[in-house]
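The values are calculated or read from the model by the stated rules, or taken from the named source; none is laboratory data. Because the structure is a prediction, the values reported are computed rather than measured. FYI the Cβ positions are ideal-geometry reconstructions off the backbone, even for glycines, and counts take in every protein chain you see. Note: accessible area is taken over every heavy atom of the protein model, side chains too, but ligands, DNA and RNA are not part of it. Shrake-Rupley method; radii C 1.70, N 1.55, O 1.52, S 1.80 Å.
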Amino acid sequence: MIEPKKQSKNRGFYVRMKLLNHNNGGNRNRGLFCYRYFKWVLWFSLSFYFFASFLFNHKPNTISKTTVPQYSKASRALIEYPETQHHRDSLNGLKIYVYDLPSKYNIDWLSNERCSNHLFASEVAIHKALLNSDVRTLNPCEADFFFVPVYVSCNFSTVNGFPAIGHARSLISSAIKLISSEFNFWNRSSGSDHIFVASHDFGSCFHTLEDVAMADGVPEFLRKSIILQTFGVKYDHPCQKAEHIVIPPYISPESVRKTLATSDVNGRRDIFAFFRGKMEVHPKNVSGRFYSKKVRTVILKKYGNDRRFYLKRNRFIGYQSEILRSTFCLCPLGWAPWSPRLVESVVLGCVPVIIADGIDLPFSSAVPWSEISVTVAEKDVGKLGTILENVAATNLSTIQQKLWDPRISRALLFHDRTVEGDATWQVLHALTEKVSRSHHRSRVSNE
């Protein structure tokens, strides 16, 4: 007895169709032709239908508008805006020559991946952006300014992992000797149209402790140049004795995009006031100074057990997701007044609470700091809870509405290719206001 063949359970879905033909004789061949023709047409049509359906219903895993919480308008714009080159016309025809220095001054340091991603990495980001920028000129004779790409913040200590900048002065001095011996551009202006980046605690004083930085001051060989530095205060300070532009600390745009894409946020900010970072219970006396002028210690002791405050002393790699959940983000001074939290809180839609007396904030012409942040005097930190409760009850929504303007987030982030309005663009815009220092411009105007 012959058993019927069992159908395989793994054959999947298929369509089988017979075209019945009852004609005999001379129409047999024509019927076979029609059968084969329509069978292939049918197969092709069904294949195209299922393939098209797959494409429309299985889109690539890209970041969509729904990925970002509705409240985070500025953050959503951060993801969506195209990285297009700016136009030289919008920068008054600015031209910058970038010195091609030996690799020991810059790219050799990139062997350590941290060099291009840590909070001092604006020196790397600005260099990359200028190399890709349409304000760059390959003809130094037509340049308004000269950029000297020296990376001094990538010498990480083997003891604590922090950047050691004891070599900074000698490395920059060496670069100046090189360019002044090979070109005449430095010598003709004494470096007044040359640009350097000093992205660490006390800028071009090149020291992490303020008393030592103040005692050493800005090196003589840099005092006539333009310094792009994160350090800035509104009062007289030895570390501002050179022409300078205050820039934001570096925060990776990619890290922000990743946080926005992966954080499970339903649009509600469930943390009232947030801070994660170093807070000493018993601050040490270092050369007569205390870390954060004891401000962080007061915050910890006063609000450590307050349910409104989410305060953490340990490191957490996913801390940006906590910022995204917070209404207020505390930005107290450390050794220096500035902090990367200023940038992270703004681009993640958290109202920055600035606790650093006399701080000079970056790009005030593009970022209305007084309208998007809360400033608390260092002496009033013990009243912080009351101050924030009052803001929450009065003008919080107004602050948030202005904070979420995408132009503000854009102004505080550096990109490999300059986006009009981004941090590098803001630097270039600030330089257009200093063209009187340009030897080339002054010579042309005199002619």
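One table, with the values for the structure above:
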{"read-out": "Selected residue (only one of Y235, Y310 is farther than 18 Å from I172 by Cβ, hydroxyl-bearing (S, T, Y) and without any contact (Cβ under 8 Å) to a residue 40 or more places away in the chain)", "value": "Y310"}
{"read-out": "Those residues of region 177-212 which are under 14 Å from R223 (Cα atoms) and assigned to a loop (DSSP other than H, G, I, E, B), in sequence order", "value": "S190, G191, S192, D193, F206"}
{"read-out": "Count of residues meeting criterion [open to solvent by less than 30 Å² (accessible area, probe 1.4 Å), more than 18 Å from Y151 (Cβ to Cβ) and assigned to a loop (DSSP other than H, G, I, E, B)] in region 227-247", "value": "3"}
{"read-out": "Qualifying position, being part of a helix (DSSP H, G or I) and touching a residue at least 12 places away in the same chain (Cβ under 8 Å), among C154, C141", "value": "C141"}
{"read-out": "Among the residues listed as S64, S103, the single one being out of contact with any helix residue (DSSP H, G or I) (no Cβ under 8 Å at 6 or more places or on another chain) and at pLDDT 95 or above", "value": "S103"}
{"read-out": "Breaking point among (1) outside any helix (DSSP H, G or I); (2) closer than 16 Å to P102 by Cβ; (3) not hydroxyl-bearing (S, T, Y), for F146", "value": "(2)"}
{"read-out": "Qualifying residue in region 399-421 (condition: touching a residue at least 40 places away in the same chain (Cβ under 8 Å), more than 30 Å from V124 (Cα to Cα) and either surrounded by fewer than 23 Cβ atoms within 10 Å (Cβ to Cβ) or among the acidic types (D, E) (or both))", "value": "yes"}
{"read-out": "Tally, over region 203-221, of residues that are touching a Lys or Arg at 6+ places or on another chain (Cβ under 9 Å), open to solvent by 30 Å² or more (accessible area, probe 1.4 Å) and among the aliphatic types (A, V, I, L, M)", "value": "1"}
{"read-out": "Test result for T386, within 17 Å of Y310 (Cα to Cα), over 19 Å from the mean Cα position of the chain (by Cα) and of a type in the set (S, T, N, Q)", "value": "yes"}
{"read-out": "Sole residue being farther than 14 Å from A336 by Cβ, open to solvent by 60 Å² or more (accessible area, probe 1.4 Å) and not in a loop (DSSP other than H, G, I, E, B), chosen from K224, K258", "value": "K258"}
{"read-out": "Segments classed as strands (runs of 3 or more DSSP E), wholly inside region 304-358, with at least 2 members that are open to solvent by 10 Å² or more (accessible area, probe 1.4 Å)", "value": "309-312"}
